[in-house]
Amino acid sequence: MNKIYIVGIGPGEYEQMTIKAAEVLKGCDTIIGYTVYVNLVKEHFADKEFLTTPMTKEVDRCVLAFEEAMKGKTVAMICSGDAGVYGMTGLMYEIGVRYPEVELETITGVTAAIGGAGVLGAPLIHDFAVISLSDLLTPWEKIEKRLLNAAEADFCTVLYNPSSKKRKDYLQKACDLTMQFKSPDTVCGIVANIGREGQEMKVMSLKELRDIQVDMFTTVFIGNSQTKEIGGKMVTPRGYRHE
């Protein structure tokens, strides 16, 4: 049967890719992905055929993968982090209905929430929520409601896509909404370029986070009411009864 692997390649650094993901990429014929992600793996799998599409061409990219698989090739559709978290897995299964001859298999990867948490220390030991601030596919009104609900429930919250050229003030908006229920002194952290060249991290308060400039390659962590800073790291206790 024709086969496509949907592969999460992790934060970007080859060493943070799972062994299974690397083995799958070694064994496939063609690797397909967004140009930026393909460039992250190209040097490690130089003998493969690489096909790319730009941002916003996700449907075209999926169709391309299926068409290549129909030629008898073993194909890998790659995504950064985990392909099932803001990745291509769902769309691949939806479009896959048109290609019943093609088998799909998901290979999980390390998403930015987990990769960034490791850099910051231990911010996600307790319950947490992950919210994307990109309103490209989700109305801002829904994002706003999710931010408010997560803050009111005292979740640790991870923010993906916190800012872009068109959304320069979205992190500021998110912090203002969060401070309706959380203290301005809540411990927060940011990690830029997780697992890639130029990786940086910083721990700060929620009120300080509000005025920080970030980009699409930054992941933001907002602690819960128990989160503390220990030795420059962001640490959330495992439970609320911990003393």
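Please compute the Kirkwood hydrodynamic radius of the range 18-90 from all pairs of different C-alpha atoms, in Å with one decimal.
Result for the range 18-90 stands at 12.4 Å.
How would you order 187-196, 24-33 from highest to lowest mean count of nearby Cβ atoms within 10 Å?
Descending packing order for the listed peptides: 187-196, 24-33.
Give the angle, between 0 and 90 degrees and rounded to the nearest 10, that separates the Cα long axis of helix 140-152 from the longest principal axis of the Cα atoms of the chain.
So the inclination is approximately 50 degrees.
For the range 130-243, what is the charge dipole size about the Cα centre, in debye to the nearest 20, if Lys and Arg each add +1 at the Cβ and Asp and Glu each add -1 at the Cβ?
Computed charge dipole of the range 130-243: roughly 180 debye.
Given the range 119-243, what percent of its DSSP beta bridges are antiparallel, to the nearest 5?
Antiparallel: roughly 70 percent of the beta bridges in the range 119-243.
To the nearest µm²/s, what D does Stokes-Einstein give for the chain at 20 °C and 1.002 mPa s, using the Kirkwood radius over alpha carbon pairs as Rh?
The calculation lands on 113 µm²/s.
Work through the residues other than ILE4 whose Cβ is under 10 Å from its Cβ and net out their charges, Lys, Arg +1 and Asp, Glu -1.
-1
What ranking, highest mean first, results for peptides 50-63, 80-93 when packing means the other Cβ atoms within 10 Å averaged over each residue?
Averaged packing, sorted descending, gives the order 80-93, 50-63.
For the chain, take the longest principal axis of its alpha carbons; what is the angle in degrees between that and the long axis of helix 58-69, to the nearest 10 within 0 to 90?
Roughly 30 degrees, rounded to the nearest 10.
Apply 1/(1 + (r/R0)^6) to the Cβ-Cβ distance of VAL97 and GLU229, taking R0 = 35 Å, and write down the FRET efficiency to the nearest 0.05.
0.10
Over 27 Å between C-alpha atoms is what I'm after, so list which of LYS173/LYS228; LYS165/LYS233; LYS42/LYS73; LYS20/LYS165; LYS57/LYS182 land there.
Exceeds cut-off: LYS165/LYS233; LYS20/LYS165; LYS57/LYS182.
If you take every DSSP beta bridge whose two residues both sit in the chain, what share of them, in percent to the nearest 5, is antiparallel?
40 percent
What percent of all Cα-Cα pairs in the range 126-218 falls in each 10 Å bin, counting up from 0?
With 10 Å bins starting at 0, P(r) equals 16, 53, 29, 2.
Since every read-out is calculated from the coordinates, none of them should be taken as a lab result. None of these values were measured; they are calculated from a predicted model. Cβ sites come from the backbone with ideal geometry, for glycine too, and all protein chains shown count toward neighbours.
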